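Right, one structure below, let's go through it.
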Amino acid sequence: MPGGARRLYRRILLLHRALPAALRALGDRYVKEEFRKHKAAGPAEAQRFLREWENYAALIEQQINEDKQNLTEKTVYGIQLTEEKLNDFRDEQIGQLKELMDEATKPQKKLTVSKDSEPKT
């Protein structure tokens, strides 16, 4: 994938900086994996791949801007996938989607630091 893919990749990672930390980490990891997997994609697949990620970037940018304007409610990022869209997915993509959902809905681990855990010199 040529320079357009690189610009899109950078744009998405920049947009992710405005997301909550857990979503940013999850999103960055997923984007990096997907772009790496599709480096050698054929022209038709690469075009579809880039179009979907362009749509994603536009959606996230819109939601980030709405979040900045709306100080009273917590923003929900992303969209509900339609049944039609889900039917277009390959089995591998459905598996990835399930892994992503599991990761996104996993309870957050809270770290506590006590004086006892500080390194001793």
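Residues in the range 82-110 that are at pLDDT below 75 and out of contact with any helix residue (DSSP H, G or I) (no Cβ under 8 Å at 6 or more places or on another chain): Met101, Thr105, Lys106, Pro107, Lys109, Lys110.
Just so you know, in the range 48-84 the residues that are under 14 Å from the mean Cα position of the chain (by Cα) and among the β-branched types (Val, Ile, Thr) include one that is nearest to Arg11 (Cα to Cα), and it is Ile60.
The values are calculated or read from the model by the stated rules, or taken from the named source; none is laboratory data. All values reported here derive from a predicted model rather than from experimental measurement. In this analysis, Cβ positions are derived from the backbone assuming ideal geometry, glycine residues included, and neighbour counts consider all displayed protein chains.
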